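Below is one structure, written out as structure tokens, with a few remarks after it.
The values are calculated or read from the model by the stated rules, or taken from the named source; none is laboratory data. Because the structure is predicted, anything quoted here is derived from the model rather than measured. Every residue, glycine as well, gets a Cβ built from its backbone with ideal geometry; the counts of neighbours run over all protein chains shown. To get the accessible areas, we keep the full protein, side chains included, count just its heavy atoms, and leave off ligands, DNA and RNA. Shrake-Rupley method; radii C 1.70, N 1.55, O 1.52, S 1.80 Å.
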Amino acid sequence: MNALRKRPRFGVHLALSIVCFIMCLPALYALQVATLDIVAAFQAPPQLFPPGNALGANVATLFERLRFDRLILNTTVVSLAIVIGKTVLALLAGLAFVYFRFRGKVVLFFFVLLTLLMPTEIIILPLFNLVAELGWTQTNPNLALTFPFLATATGAFLFRQHFSNIPRELADAAQIDGASPLRFLFAVLIPMSWNVIAAHALIQFIASWNQYIWARLVLPPDRFEVQLIQIGVRNAGSGPQTDFGLLMAAGIVASLPPLILFLLLQKQFMSGFAITHDK
Amino acid sequence: MADERLQKLSVRAITAFVIVFSVWFVIAERDGLLRLLTWLLAGLADAPRALEALISYYATLPSEPLLLSAGVGGLAGGIVSHLIWRRAVRTGKRVPQRALGLALGIGVGMAGAQIAATATQHCTYRPEASAAETLLGVVLTALTAIAVLLPLWTLLLGRRRFEQAESGYFRSRGLGYILLLPTLLSLLIFLYYPSAQMFNMSLMARRFPIRTERFVCLGNYISLLNDVVYQNSLLTTFLITIFVVLGSMVTALGIAVLASQKVRGAALYRTLLIFPFALSPVVSAAVFQAMFREGGSGLINYLLDLTLGVQPGWLRDAMLARLVVVFAAIWNILGFNIIFYVAGLQNVPRDLQEAAAIDGANRVQRFFRIVLPMLAPYTFFLLVTNVTYAFYGIYGAIDMLTQGGPPIGAAGALGGATEMLIYKLYQDGFRPGAPIGSAAAQAVFLFTIVAGLTVLQFRTIERNITYGG
């Protein structure tokens with residue numbers, strides 16, 4: 001009757017608990033170290049329990065000396081701009097690829113497809129020159145940090161794939177009702193795509209929140225207040241003697257926004273990808 | 001009901017916020033955007049001049065390099081077309097006539113070869129080019145010819161699959177272009193144009209702040225291939241990539257099998273397993289730096305001292321430092337892999353497994369014969385993302401943990417033990433006196449390696465892929 005023998009549940013729980021513990025161990029250790037001041041952080045043997053009392057002081061240092069308030073604000077603006085821009089462009093591209101017939105569509109599709117092989121990391125050298133030529137490094141750091149990354153093949157494909165799975169009759173019906181393509185997008189497609197939009201937005205938000213390399217090149221290193229948060233984490237760990245308490249506190253503060261967003265959107269995230277990768 | 005109203009309200013709020021934010025952003029950055037527009041218009045106005053220059057270049061080009069480069073491209077195009085044609089016939093696809101296909105391949109190959117040849121000013125086909133340059137030039141020409149041909153053939157053979165739907169299209173044709181325009185423009189300006197620039201830069205000898213440059217043909221590439229430090233960096237990259245990719249994917253699959261069991265609290269377990277993927281490479285490297293530090297206060301050395309009585313100097317030993325980088329990278333990317341494998345495992349039909357179980361297949365056989373092939377699309381996708389992460393994304397982790405060190409060889413004559421290609425590229429490209437041409441050549445190499453790996457993975461896995469479900 002039941003061909004798949006049920007494994008004893010206890011064993012699964014035990015195995016999962018052990019794996020979870022190992023995965024969480026680095027994070028737990030970071031939490032513990034974040035509560036230590038610089039003297040306690042260098043104690044041998046390490047103080048693994050109880051937590052120290054320097055967490056507040058460490059966090060205060062981050063916000064007062066390293067201007068984490070400004071860095072969080074900067075990174076939020078940049079990440080939001082990237083997420084919004086990417087989502088809008090990807091939605092429009094998906095709409096064009098699925099619901100329009102035009103000459104050269106397949107060639108244009110390849111034009112977009114090919115960029116999957118061209119990650120920005122590789123072309124940063126000439127990209128830096130271009131952005132400098134436009135004067136963005138000096139006067140418009142927000143443009144320099146966002147504008148080159150608005151279009152991605154990944155997003156266009158995600159929505160193309162998702163829209164292809166939506167019944168075509170809906171578009172016919174919309175046309176008979178005299179709805180414009182944009183009205184169709186807002187009234188029909190977007191409401192049917194919230195999970196995919198959320199999944200895509202979450203991934204892009206995490207990626208732009210965590211961006212490091214480009215920000216390090218584009219932003220002037222001597223000006224604390226224009227940096228992004230990951231540079232702040234790096235700065236918290238620099239100096240002749242790494243203050244590990246401060247560094248761990250920086251890592252935790254810098255990770256809270258993407259973590260919270262991930263926890264909030266976890267359900268949409270999982271189902272968004274379950275649909276799109278279901279061949 | 002209340003739930004639905006709340007959802008509608010939050011959607012409205014999000015939409016309003018998006019509009020307000022976008023308007024504010026554009027207004028705040030209007031001067032920069034205007035400069036982009038003027039730059040674009042100036043570039044457009046310059047286009048006729050570039051075309052003229054191209055025409056006069058070909059008018060003065062001696063016939064020998066032109067014929068040689070066209071010959072190499074035609075040969076490569078012909079061979080590739082022949083191979084593709086034969087395979088297409090075997091798999092029963094509708095194909096054009098053999099002679100027509102070959103002629104097309106040769107012609108397009110000859111024309112495609114000119115892209116690389118023009119960019120290098122046909123320098124590898126001139127008599128004064130060295131043997132190594134000629135050889136590299138032939139490879140480059142053939143690769144360009146193939147790169148132009150492959151999409152063409154995919155198009156020819158897969159056309160009917162692409163345009164499936166008969167109905168459900170909007171009548172307007174122009175609007176399709178307009179909707180695509182932002183994406184295309186952005187890709188053109190910020191990806192294709194810099195890529196071409198990068199190739200041009202790689203043919204020049206130039207030092208960082210100095211503006212003057214000199215055309216050196218493929219000299220930068222040749223000296224890179226002969227550079228011991230670069231060879232070591234290449235080796236290090238492959239070593240770390242293999243460990244990161246294999247380690248994270250195998251571990252993720254194992255954990256995903258566990259995590260997809262239907263037990264109480266599965267959601268909590270999953271959250272605890274995948275959260276590190278939301279952290280940045282910099283943060284995860286910082287945590288591992290703290291864990292693996294020396295002096296008795298690091299967690300790992302404390303535990304090792306308690307149990308085994310050893311305290312290795314993790315970041316001072318070449319192999320151990322690489323291992324720490326690998327650990328930090330795996331911890332960072334594991335959650336992402338688990339997400340996709342869990343999603344994939346849920347799509348494996350249960351009846352298929354039950355049928356196999358009735359036929360007497362044991363758990364292990366079922367896993368390798370049924371589950372693993374069904375996961376192939378996910379494995380392919382993850383392989384590409386993991387390789388990309390290990391090649392590029394890892395920069396932040398290295399910069400935080402080791403800065404490319406520890407040095408290997410006498411006084412670091414052989415480079416650093418964790419100086420991966422991407423880290424070396426930035427070290428060489430952005431410092432005073434940096435050899436920009438060499439850094440650009442490194443970037444072209446790096447791109448070729450990753451693109452080649454991706455295509456290779458795609459071709460090998462495509463054959464074994466199962467699109468079930």
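Which residues make up the longest stretch of chain B clear of trypsin sites (Lys or Arg not before Pro) that lie in a DSSP loop with no more than 11 other Cβ atoms within 10 Å, not counting the sites? Write down the numbers at each step before the final one.
Details: sites that count: B:94, B:171, B:211, B:262, B:264.
Answer from the scan: B:265-469.
Using only DSSP helix segments of four residues or longer, with each worth -39500 (n - 2.57), what per-residue ellipticity at 222 nm results for the protein assembly as shown after dividing by its residue count and rounding to 500?
Details: 34 runs with 520 residues, N = 748.
Taken over the protein assembly as shown, the calculation gives -23000 deg cm²/dmol.
Explain nothing, just the number: relative contact order of region B:31-151, from Cα pairs under 8 Å at least 6 residues apart, as a whole percent.
31 percent.
Rounded if a/c is under 1.5, else prolate if a/b is larger than b/c, else oblate: which is region A:1-150, with a ≥ b ≥ c the root eigenvalues of its Cα gyration tensor? Present the calculation step by step, with values, prior to reporting the outcome.
Working: a/c = 3.15, a/b = 1.29, b/c = 2.44.
Verdict is oblate for region A:1-150.
Which parts of region B:237-280, residue by residue, lose 50 Å² or more of accessible area when the rest of the protein chains are there, as against the chain isolated (1.4 Å probe)?
By number: B:258, B:263, B:269, B:271, B:273, B:275, B:277, B:278.
List the accessible area buried at the contact between B and A, summed over both sides and calculated with a 1.4 Å probe, in Å² to the nearest 100.
11500 Å²
Viscosity 0.692 mPa s, temperature 37 °C: Stokes-Einstein D of region B:61-158 from its Kirkwood Cα radius, in µm² per second? Don't skip to the answer; put the middle values down first.
Working: Rh = 13.7 Å.
Reported coefficient: 240 µm²/s.
Quick one: compute the contact order of chain B, relative version, from alpha carbon pairs under 8 angstrom and 6+ residues apart, as a percent.
Values: 510 pairs, mean separation 75.1, N = 469.
The normalised contact order for chain B reaches 16 percent.
Considering the alpha-carbon set of region B:1-144 alone, what are its Rg and its Dmax in angstrom?
According to the Cα coordinates of region B:1-144, Rg and Dmax are 26.4, 80 Å.
Considering only protein heavy atoms and a probe of 1.4 Å, how much of the accessible area of chain A is carbon and sulfur, as a whole percent? Write down the numbers at each step before the final one.
Working: 7790 of 11920 Å².
Looking at chain A in its full context, I get 65 percent from C and S.
Mean 1/r over all different Cα pairs, inverted: what Kirkwood radius does chain B give, in Å?
Working: mean 1/r = 0.0370 Å⁻¹.
It works out to 27.0 Å.
Would you look at the GNM of chain A, springs on alpha carbons closer than 10 Å, and say which of A:248, A:118, A:23 moves the most?
Sorting by GNM fluctuation, first place goes to A:23.
A drop of at least 40 square angstrom in accessible area, chain alone versus all protein chains together, probe 1.4 Å. Which residues of region A:66-85 meet that?
A:77, A:80, A:84
Tell me the per residue accessible area of chain A using a 1.4 Å probe; a whole number in Å² is fine. Kindly include the intermediate steps, with their values, before the conclusion.
Working: 11920 Å² over 279 residues.
About 43 Å² of surface per residue is accessible.
What do you reckon, how do A:112, B:229, B:139 stack up by accessible area (1.4 Å probe), largest on top? Working shown, then result.
Values: A:112 0, B:229 35, B:139 75 Å².
From most accessible down to least: B:139, B:229, A:112.
Considering every residue in B:447-457, what mean count of other chain Cβ atoms within 10 Å of its Cβ is obtained?
Working: counts 6, 1, 0, 5, 6, 1, 0, 2, 1, 0, 0.
Counting other chains' Cβ atoms within 10 Å and averaging over B:447-457 gives 2.
If DNA, RNA and ligands are ignored and the probe is 1.4 Å, what is the ranking of A:131, B:216 by accessible area, most exposed first? Please report the intermediate quantities before stating the final value.
Numbers: A:131 0, B:216 35 Å².
So the residues, ranked largest to smallest area, are B:216, A:131.
Gap in Å between the Cα centre of region B:168-186 and the Cα centre of region B:439-455?
32 Å
Would you pull out the residues with amide H under 5 Å of residue B:204's amide H, same chain only if 5 or more places away, H placed 1.01 Å from N?
Excluding prolines and chain starts, which carry no amide H, the hits are B:216.
Heavy-atom accessible area per residue, region B:61-158, 1.4 Å probe: how many Å²? Working shown, then result.
On the way: 5010 Å² over 98 residues.
Accessible area per residue: 51 Å².
Summing +1 for each Lys or Arg and -1 for each Asp or Glu, what net charge is found among the other residues whose Cβ lies under 12 Å from the Cβ of residue A:175? List each step's numbers first, then the result.
Working: positive: A:168, A:183, B:171; negative: A:169, A:172, A:177.
Here the count lands on 0.
Give, to the nearest whole percent, the P(r) tail of the protein assembly as shown beyond 47 angstrom, counting all Cα pairs.
On the way: 63670 of 279378 pairs.
Pairs farther apart than 47 Å: 23 percent.
Give me the percent of the accessible area of region B:228-464 that comes from carbon and sulfur atoms, probe 1.4 Å, all protein chains in place. Walk me through the intermediate numbers first.
Numbers: 6100 of 9160 Å².
Using a 1.4 Å probe with all protein chains present, region B:228-464 comes out at 67 percent carbon and sulfur.
For chain A, compute Rg over Rh where Rg is the Cα radius of gyration and Rh is the Kirkwood radius from the inverse mean 1/r over Cα pairs. Intermediate values should be presented prior to the final figure.
Values: Rg = 23.7 Å, Rh = 22.3 Å.
Dividing the radius of gyration by the Kirkwood radius yields 1.07.
Pairs of lysine in the protein assembly as shown with Cα under 25 Å and at least 8 positions apart or on different chains: total?
12
Which whole-number percent is the relative contact order of chain A (Cα, under 8 Å, 6+ apart)?
Numbers: 262 pairs, mean separation 84.6, N = 279.
Reported as a whole number, the value is 30 percent.
What angle, in degrees between 0 and 90 and rounded to the nearest 10, separates the Cα long axis of helix A:153-164 from the longest principal axis of the Cα atoms of chain A?
In chain A, helix A:153-164 runs at an angle near 50 degrees to the longest axis.
Return one whole number: the accessible area per residue of region B:228-464 in Å², for a 1.4 Å probe.
Each residue of region B:228-464 exposes 39 Å² on average to a 1.4 Å probe.
What does the convex hull of the alpha-carbon atoms of region B:165-297 project to on average, in nm²? Spell out each step's value before the answer.
Numbers: hull surface 75.7 nm².
So the Cα hull casts an average projection of 18.9 nm².
In Å, what Kirkwood hydrodynamic radius results for region B:228-464 from the alpha-carbon pair distances? List each step's numbers first, then the result.
Details: mean 1/r = 0.0506 Å⁻¹.
Answer for region B:228-464: a Kirkwood hydrodynamic radius of 19.8 Å.
Specify the residue with the greatest mean-square fluctuation among A:179, A:44, A:254, computed from a Gaussian network of chain A linking alpha-carbon atoms under 10 Å apart.
Looking only at A:179, A:44, A:254, the largest GNM fluctuation is found for A:44.
Between helix A:68-99 and chain A, what is the angle of the helix's C-alpha long axis to the longest principal axis, kept within 0 to 90° and rounded to the nearest 10?
20 degrees
Please give the helix A:244-276 orientation as an angle from the longest Cα principal axis of chain A, in degrees from 0 to 90, rounded to the nearest 10.
Once rounded, one gets 20 degrees.
How far is the Cα center of region A:124-182 from the Cα center of region B:233-254, in Å?
Between the Cα centre of region A:124-182 and that of region B:233-254, the gap is 32 Å.
Report, to the nearest whole %, how much of the accessible area of region B:61-158 belongs to carbon and sulfur atoms, 1.4 Å probe, protein only. If you can, show how the numbers build up before the last one.
Details: 3600 of 5010 Å².
Taking all protein chains in place, region B:61-158 shows 72 percent carbon and sulfur surface.
Looking only at other chains, what is the average number of their beta-carbon atoms within 10 angstrom of each beta-carbon in A:139-146? Walk me through the numbers on the way to the answer.
Numbers: counts 4, 8, 2, 4, 8, 2, 0, 2.
Per residue, the number of nearby Cβ atoms from other chains is 4 on average.
From other protein chains only, count the Cβ atoms within 10 Å of every residue's Cβ in A:17-26, then give the mean.
Values: counts 3, 1, 9, 9, 1, 3, 11, 4, 4, 12.
Mean shielding by partner chains, rounded to a whole number: 6.
With a point put 7 Å past each Cα toward its Cβ, work out how far residue B:12 is from residue B:147 in nm, to one decimal.
Rounded to a tenth, the inter-label distance reads 5.2 nm.
Counting only protein heavy atoms, probe 1.4 Å: which residues of region B:177-194 lose 30 Å² or more of accessible surface in the full assembly compared with their chain by itself?
By number: B:177, B:179, B:180, B:182, B:183, B:184, B:186, B:187, B:190, B:191, B:192, B:194.
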